[in-house]
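Below is one structure, written out as structure tokens; comments come after it.
The values are calculated or read from the model by the stated rules, or taken from the named source; none is laboratory data. Just so you know, these numbers come straight off a predicted model, no measurement behind them. Every residue, glycine as well, gets a Cβ built from its backbone with ideal geometry; the counts of neighbours run over all protein chains shown. Note: areas computed on protein heavy atoms with side chains; ligands, DNA, RNA excluded. Shrake-Rupley method; radii C 1.70, N 1.55, O 1.52, S 1.80 Å.
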Amino acid sequence: MEPLGIHHLGVAVTDLDEAIATYGRVLGGRLEHRALLADQGVEAASVRVGSGRVELLAATGPDTPVGRFLERRGPGMHHVAYEVEDVAAALDELAAVGAQLVDERPRSGLFGLQVAFVHPDAVHGVLTEVVAGG
């Protein structure tokens, strides 16, 4: 799998409104999109910072992946997302080289884009997401 580039950096936050305001005030970030992803247990906001993108993630409850992350580690870097042309093909390639997958099939993410996650153990402790375009 050869990514097209970094699509976004995911950051876990305790207060989404406050984080959006901070990224705007401190870094000149512009809110691009905001949505509730109930199946993932998060409310997410995409913020453009220059030509890059940061995805802010607030847990909808303590017993969600981001809720547990916040409990264990507190706010901060959650994942790195790499853009690929085809998420399903990327998953096949990752599995073929022995990467442990969180998702065996793509699912819908922010903007309705197809996404999938790779276990942190496969990439030196970093939760990794593959995302198709957008």
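Taken over the range 77-119, residues that are among the β-branched types (Val, Ile, Thr) and touching a Ser or Thr at 6+ places or on another chain (Cβ under 8 Å) amount to 3. Whenever a residue of the range 72-94 is farther than 15 Å from residue 129 by Cβ, its partners that are in a loop (DSSP other than H, G, I, E, B) and modelled with pLDDT of 95 or more, lying with C-beta atoms within less than 7 angstrom and at least six residues away or across chains, give the pairs 75/14.
Within the range 82-101, identify whether any single residue is within 17 Å of residue 40 (Cα to Cα) and more than 12 Å from the chain's Cα centre (by Cα), and answer yes or no.
yes
Screening the range 1-107 for strands (runs of 3 or more DSSP E) wholly inside it with 2 or more residues that are open to solvent by 50 Å² or more (accessible area, probe 1.4 Å) returns the ranges 5-13, 30-37, 42-49, 76-84. Of everything in the range 108-134 that is in a loop (DSSP other than H, G, I, E, B) and open to solvent by less than 40 Å² (accessible area, probe 1.4 Å), the residue that is modelled with the highest pLDDT is 127.
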